[in-house]
Ligand SMILES: [Zn+2]
């Protein structure tokens, strides 16, 4: 896993990534996941993407899961965008 730590979006306090936390322990604001992007880039390449599944888990290097066996998916992501009918003019 390429997660390095969790960072508070408001006060920037760093939190341990492997603890179950929902909000900053100091100010109660949401936490952002920070990644080692250089390490992620070693395996997340254009070439590697071509052979992967067509959902959000194709970008697993920048998702917070340690073990791929723990991935739970309903096939989210990787779908085509379309214009809702409400936006169409007659
Ligand atoms: Zn905070």
Fill in the blank from the handout: Across (1) away from the ligand (no atom under 15 Å from the Cβ); (2) at pLDDT 90 or above, residue 76 clears everything bar (2)
Handout entry: So residue 77, is it touching a helix residue (DSSP H, G or I) at 6+ places or on another chain (Cβ under 9 Å) and assigned to a loop (DSSP other than H, G, I, E, B)
Key = yes
Fill in the blank from the handout: Note on residue 39: of the conditions (1) without any contact (Cβ under 8 Å) to a residue 12 or more places away in the chain; (2) more than 22 Å from residue 78 (Cα to Cα); (3) in a helix (DSSP H, G or I), unmet is (1)
Handout entry: Residue count, region 30-57 (criterion: more than 12 Å from the chain's Cα centre (by Cα), within 16 Å of the ligand (Cβ to nearest atom) and either surrounded by 14 or more Cβ atoms within 10 Å (Cβ to Cβ) or within 13 Å of residue 5 (Cα to Cα) (or both))
Key = 1
Handout entry: Test: residue in region 58-67 that is part of a helix (DSSP H, G or I), modelled with pLDDT of 90 or more, in contact with a strand residue (DSSP E or B) (Cβ under 9 Å, 6 or more places away or on another chain) and more than 16 Å from the ligand (Cβ to nearest atom)
Key = yes
Exercise for the section: Write out, first by first residue and then by second, each pair whose Cβ atoms fall under 8 Å of each other, whose residues are 6+ apart or on separate chains, and whose first residue, in region 10-27, is assigned to a strand (DSSP E or B) while the second is at pLDDT below 95 and surrounded by 11 or more Cβ atoms within 10 Å (Cβ to Cβ). Expected result: 15/21
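The values are calculated or read from the model by the stated rules, or taken from the named source; none is laboratory data. Since this is a predicted model, take the numbers as computed values, not measurements. Note: ideal-geometry Cβ built from the backbone for every residue, glycine included; neighbour counts use all protein chains shown.
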